[in-house]
Amino acid sequence: MTRDNRRRTFPLPAESSTSGGGNVTRSFLKKPRCVKMNDFPLKTVEVVCLGTSVALSGLFYFLYRKKRKTVNRLKEAPRLSLDKSLASILNATPGKCLQYVIIQGRVQPVGEPLRSQFQEGSIGVVQKLVLREHKLVWNSLARTWTDSERILHQRVNTVPFNLVGSDEAAVRVLCPLEASGLDMEIVHEKFHQASYGFTDIIGQYLSGEKPKGQLEMEEMVKVGATLTGVGELFLDTDCTLKLRPPADGSEFFLTPVDFETMQAAQAGQAWMWRALGLACLLAGVAVLLWAARRHYRHLQARREQERLRREFDDLGEGDELPDNACVICMSRARSCVLLDCGHVCCCFQCSQVLLQPICPICRQHINRVVPLYQA
Ligand SMILES: [Zn+2]
Ligand SMILES: [Zn+2]
C-alpha cells in the first residue's frame, strides 16, 4: 500500500468535519505523540546542581590531594639543627643541596633593619602597612545595611635576613614573601572613626553608602623572633647557607609557630578539603537519587495507565457491534462514563486521545472518566 492510498482511506479532519455523521468526531483526536522511553529525564535545575556538585567535589579533591602531598612531604622532611655542622653536612651532599628540610632559628637582619613607622623602637625584617576602609552598604535585596571593606593602600617592605642558630650559624632566607604561614606580629592598629554632619547623612541615604572609618595597621616580622622554615637548603658558591622555595613545587613555609603545630594545621586543612569533597559528592548522589525516584514514579504511573487501558480493551472485546458502538471510532463498544455530564458515548481508548477534555456529545468539560461495567 502506498502512502497516497492510505491518506485516501483516512480522511483529513478538515474534510471530515464538513461531511457530517460519525466522522465529525475524528477532529477531536490527538496526533500520536512521540514518547522516548529510553532517555533518563533530568530537569535543568537538577543538571545544574549535579554539574556544580561534581565540579566542586573535583576541585576539593584536587586541593585535598595537594594538601595531602604537602603533609606527606613534611612527614618525610629531615629536621636539621641550625649549627656549624650544617655546612659540613651540605658539603658532603651531592649538589650541595637538600631538597626539603626543616630548620628553626632566630631572625637577624643582614644589613639595616626596617623601623616601625608607629611604634618607637620596633625593628623588623618584613613590614606590611595596610590602610583599610570600612563602610556600610545598603543591600536592596536583603533590605539591610551590610558591612563592606576595601583595601585603600598596602605596602610590603623587606630587607635581607638570616635565621640564626645557637652557635651563630646562619641561613639566609630567600623570597620570604612566597612562603605560606608567614603570620606577622601586629605592631600598630588604629581605627579612625568617620565623622559627618547632617547633610552627609542625607547624602548617605541617597547613595546607599555609610562610611564607618579607616583601619590603619602595621604588621612586622620582628628581629629576634623565632621562625620555622621548610624549603630547599643549599650551600651557595660564597659558602653561605640559603633557604629558598623548593624547585620541585613543594610548599615553602616560613612560620612563627613550631613545626608540630604547623604540621597539625596542614593535616587539618587536608581533612577539611576531603570532608568538603565528600559532602559535594554526596549532594550529587542525592540529586541523582531524587531524579531516579521521580523517573520511577513516572514509569509507575505509565504502567498503571497501560493496565487500565488493557482492562478497558478486555471489556470491549467479544461484544457484538454496532448497537452500542463508540461514536468516535465506530468499532469498539462504549466502555466508559464521562463525568460530570454522564454521557456513555465512547470507548476508553478514544476518551484518552481527545484533543480537549470535552464531551463529544454535549461539549461539557470532562472531569473524570470511569469504566462502565455491564453485567
Ligand atoms: Zn472509540
Ligand atoms: Zn456529555
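Computed from the coordinates by the stated procedures, all read-outs in this text should not be read as laboratory data. The structure displayed is predicted, hence computed values, not measured ones. We place every Cβ from the backbone using ideal geometry, glycine too, and count neighbours over all the protein chains shown.
Remark: the Cα gyration tensor places the range 80-256 in the prolate category, a/c being 1.5 or greater and a/b exceeding b/c. Evaluated with a Cβ-only charge set (Lys, Arg +1; Asp, Glu -1), the range 80-256 carries a dipole of roughly 280 debye about its Cα centre, given to the nearest 20.
By definition, a body whose alpha carbon gyration tensor gives a ≥ b ≥ c is prolate when a/c is 1.5 or more and a/b is larger than b/c, and the range 259-375 fits this prolate description. Ranked from largest, the principal axis spans of the Cα set of the chain equal 117, 70, 43 Å. Extending 7 Å from the Cα toward the beta-carbon at both residue 307 and residue 189 defines two label points whose distance is 6.9 nm.
Remark: 187, 48 ranked as 48, 187, counting other beta-carbon atoms within 10 Å and listing the fewest first. Most mobile of 105, 121, 284 per a Gaussian network model of the chain (Cα springs, under 10 Å)? Top of the fluctuation ranking is 121. Using a Gaussian network model of the chain in which every pair of alpha carbons under 10 angstrom is joined by a spring, one finds that among 70, 144, 93 the greatest mean-square fluctuation is at 144. For residue 154 and residue 289, the FRET efficiency from 1/(1 + (r/R0)^6), where r spans their Cβ atoms and R0 equals 45 Å, is about 0.40. Taking Cβ atoms as reference points and 13 Å as the exclusive limit, the residues near residue 145 contribute a net charge of +2, counting Lys and Arg as +1 and Asp and Glu as -1. For the range 81-154, the convex hull drawn through the C-alpha positions has a volume of 220 cubic angstrom per residue.
The order of 373, 61, 296, going from fewest to most other C-beta atoms within 10 Å of their C-beta, is 373, 296, 61. For the range 27-171, a/c is not less than 1.5, where a ≥ b ≥ c are the root eigenvalues of the C-alpha gyration tensor, and a/b does not top b/c. That puts it in the oblate class. Which pairs in the list 222/242; 96/128; 135/222; 190/212; 190/210; 75/242 are over 24 Å apart, alpha-carbon to alpha-carbon? Checking Cα-Cα distances, 96/128; 135/222 exceed 24 Å. Among 217, 272, the order by Cβ neighbours within 10 angstrom, fewest to most, reads 272, 217. With the simple model of a label 7 Å out from the Cα in the direction of the Cβ, residue 167 to residue 362 spans 11.3 nm. Among 85, 140, 335, which one shows the highest mean-square fluctuation when the chain is modelled as a Gaussian network with alpha-carbon springs under 10 Å? For the chain, modelled as a Gaussian network with Cα springs under 10 Å, the answer is 140.
Computed from the Cβ-Cβ distance with R0 of 35 Å, the FRET efficiency linking residue 59 to residue 236 stands at 0.35.
Given their separation in residues at 0.36 nm each and the Cα-Cα distance between them, residue 206 and residue 344 gain 42.7 nm when the chain is fully extended. With both residues required to sit in the range 80-256, DSSP beta bridges show an antiparallel share near 95%.
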